[in-house]
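First comes the structure, then the notes that go with it.
The values are calculated or read from the model by the stated rules, or taken from the named source; none is laboratory data. Predicted model only: the values in this text are computed from it and were never measured. Backbone-built Cβ (ideal geometry, glycine too); neighbour counts: all protein chains shown.
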Amino acid sequence: MRRGLAATAAVALLAGFGGCVQSQRESASPGASASAGGSTKDVFVFAASSDPVSLDPAMASDGETFRIARQQFEGLLGTKPGTTELDPLLATAWKANADNTAFTFTLREGVKFSDGTDFNAEAACANFDRWYNWSGINQSENITYYYGKLMRGYKTGAQAADALYKSCTAASPTELTVQLNAAFVHFPDAMTLPAFSMQSPTAMKKYNADDTSGTASDPRFSEYATAHPTGTDPFVFESWERGQQVKLKRNDNYWGDKAKVSEVIVRTISDAKARTQELQAGNIDGYDLVAPADQPGLKTAGFQIMNRPPFNILYLGMNQKNKDLADPKVRQAIAYAIDKDALIKQALPEGSKAAINFMPENVTGYNAGVTTYAYNPEKAKSLLKEAGKEGLTLKFNYPTGVSRPYMPTPEDTYVALKAQLEAVGIKVTPVANKWAPDYLDKIQGSSDHDIHLLGWTGDYNDPDNFIGVFFGGQANEWGFNNPELFKALKDARGLSDARGSEDGVREDLRDDRRLRAGHSARASGSVAGVRQGRLRLHAVADPGRGLEPRHDHQVRVQPNP
């Protein structure tokens with residue numbers, strides 16, 4: 001989340017559409033047309049690396065879904081561009097009670113969803129109650145990842161006793177109070193995330209928004225989630241040609257500043273080189289996840305490259321459902337086998353650097369005093385021998401048909417890591433899964449995997465948004481059960497001092513090397529816009545898995561708690 005700014009490519013695009021496109025763009029080059037994929041003054045064409053998984057942001061964790069969602073939906077709160085600082089959006093004011101278990105929001109007046117439904121306190125509470133009342137397959141982390149991770153449980157089901165949400169009360173059309181069962185200091189920050197966007201209760205009921213079928217690892221989303229998403233933002237849904245493009249049109253009834261273009265087309269172009277060629281040909285106006293090798297040529301040709309500060313990690317995950325990986329010595333051996341600096345040179349953009357934590361250094365509470373695992377292949381071989389796992393064979397899952405901010409070229413990252421693992425005697429069986437719709441289904445929706453590549457971009461500045469999201473409870477991705485860790489993270493998220501909360505978790509788990517064993521690397525990334533003088537593309541990155549804000553990555557080999 002896979003992965004607010006918390007800004008996202010979607011937020012950035014929205015800023016471009018609503019603020020500076022019309023005044024700075026010229027007409028498309030001769031011969032280009034909107035129907036052919038080119039742009040005119042009134043149409044903005046952006047290239048994404050993959051299809052969205054769903055059009056309902058509450059049922060997604062991928063950046064491509066959130067990119068689209070950010071144009072159609074708004075949350076109670078937003079963030080100031082380029083920062084994680086809270087900013088009014090659908091709520092104009094908010095306050096917490098003394099123990100951070102109740103939050104009162106004052107809502108903006110005169111706002112309507114694009115289907116004409118009033119946005120008010122009752123509509124907002126309907127969204128909170130919808131999330132809390134999900135049951136069955138809709139409780140799967142592969143479907144409602146963000147709600148499950150941040151709110152810890154639902155009204156029914158295995159985690160009901162841990163549910164953070166208690167109630168939502170509408171005191172008036174413009175005031176609501178959300179009651180929680182435990183303290184959550186950063187609850188307002190969570191309300192900036194696309195997964196907590198406000199959606200039309202009328203449209204959700206009409207098109208059976210919660211009618212998800214299939215299985216947790218292979219869901220089939222509702223008519224609402226595939227054809228009728230309805231929010232309050234400057235654009236409204238027009239069409240989705242799977243594997244091709246999503247079209248959005250201007251919402252002329254938007255409560256705020258109207259968009260300066262009448263239509264947005266987000267084209268799916270999975271190949272990084274093809275995205276570059278389409279930009280050079282004038283068929284698209286911009287794209288993100290620019291390959292490092294393409295940047296010099298684009299700059300020379302007069303295109304704008306906008307780099308973004310780091311706020312994410314790339315990690316090598318290990319699933320302890322595999323009995324071999326349940327052994328800490330094996331996980332530590334893998335950590336020692338990885339040469340992060342070599343990986344950065346081979347597969348990540350210039351400016352990347354190794355990291356030692358599961359969160360970037362600019363997150364409040366970052367602690368440099370953790371156990372580290374420097375590259376030591378002989379130590380890796382020794383640990384494998386001690387564990388009796390010489391000749392170990394592991395399946396290695398990696399995504400195809402996608403570029404992520406933390407992983408611009410997944411195949412290159414896989415190749416580099418495969419060689420390093422095989423150098424210490426670990427045999428690797430490649431398992432390539434197409435990003436949409438298969439990869440997250442496999443990693444988050446099932447336990448049928450050994451080691452895998454994935455990443456995360458922070459949604460807001462709090463260690464809980466990294467450590468707590470990953471390790472706050474049992475998950476298919478990791479396959480371990482550590483009640484001590486889960487409780488420590490649950491207690492820490494209620495503390496107002498983020499640094500103290502994170503240090504407290506470390507103090508409780510001082511001897512649990514399984515939590516901190518691993519490697520990380522941070523990598524910077526970029527956004528390419530059209531030529532100077534035509535358009536300034538203010539794309540920042542996506543948060544969450546795939547929505548990842550800011551194009552900088554940290555790569556971590558995670559032996560798991």
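Has the stretch 390-401 got any residue that is under 21 Å from the mean Cα position of the chain (by Cα), surrounded by 19 or more Cβ atoms within 10 Å (Cβ to Cβ) and either of a type in the set (D, E) or at pLDDT below 85 (or both)? Please lay out each step first, then the result.
The first filter runs over the stretch 390-401 and keeps only residues under 21 Å from the mean Cα position of the chain (by Cα), leaving 397-401.
With surrounded by 19 or more Cβ atoms within 10 Å (Cβ to Cβ) added as a condition, the list becomes 397-399, 401.
This time we only want the ones that are either of a type in the set (D, E) or at pLDDT below 85 (or both), so: none.
No, every residue in the stretch 390-401 fails to be under 21 Å from the mean Cα position of the chain (by Cα), surrounded by 19 or more Cβ atoms within 10 Å (Cβ to Cβ) and either of a type in the set (D, E) or at pLDDT below 85 (or both).
If I filter the stretch 152-173 down to residues being in contact with an Asp or Glu (Cβ under 6 Å, 6 or more places away or on another chain) and buried (at least 18 other Cβ atoms within 10 Å of the Cβ), which single residue comes out as farthest from G136 (Cα to Cα)?
Residue satisfying both the conditions and the ranking: R152.
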Tell me whether the stretch 387-407 contains one or more residues that are assigned to a helix (DSSP H, G or I) and among the aliphatic types (A, V, I, L, M). no
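Give the residue, chosen from G75, G116, that is in the same structural domain as P201 (by TED's automatic domain parsing) and in contact with a Pro (Cβ under 8 Å, 6 or more places away or on another chain).
G75
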Residues (among the aliphatic types (A, V, I, L, M) and either in the same structural domain as D62 (by TED's automatic domain parsing) or in a helix (DSSP H, G or I) (or both)) located in the stretch 449-490: I467, V469, L485, A488, L489
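Would you point out the residue of the stretch 338-349, among those that are assigned to a helix (DSSP H, G or I) and touching a strand residue (DSSP E or B) at 6+ places or on another chain (Cβ under 8 Å), that is nearest to Y406 (Cα to Cα)? Walk me through it before giving the result.
Initially, the stretch 338-349 is screened for residues assigned to a helix (DSSP H, G or I), giving 340-347.
Filter once more, keeping what is touching a strand residue (DSSP E or B) at 6+ places or on another chain (Cβ under 8 Å): 340-341, 343-344.
Details: K340: 14, D341: 15, L343: 13, I344: 11 Å.
For the stretch 338-349, the residue satisfying everything is I344.
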Please determine whether any residue of the stretch 29-44 is at pLDDT 90 or above, among the charged types (D, E, K, R) and touching a helix residue (DSSP H, G or I) at 6+ places or on another chain (Cβ under 8 Å). no
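Restricting to the stretch 429-448, what's the tally of residues that are in a loop (DSSP other than H, G, I, E, B) and out of contact with any Ser or Thr (no Cβ under 9 Å at 6 or more places or on another chain)?
So in the stretch 429-448, the residues in a loop (DSSP other than H, G, I, E, B) come out as 446-448.
Within this subset, residues satisfying the condition of being out of contact with any Ser or Thr (no Cβ under 9 Å at 6 or more places or on another chain) are 447.
Residues in the stretch 429-448 being in a loop (DSSP other than H, G, I, E, B) and out of contact with any Ser or Thr (no Cβ under 9 Å at 6 or more places or on another chain): 1 in total.
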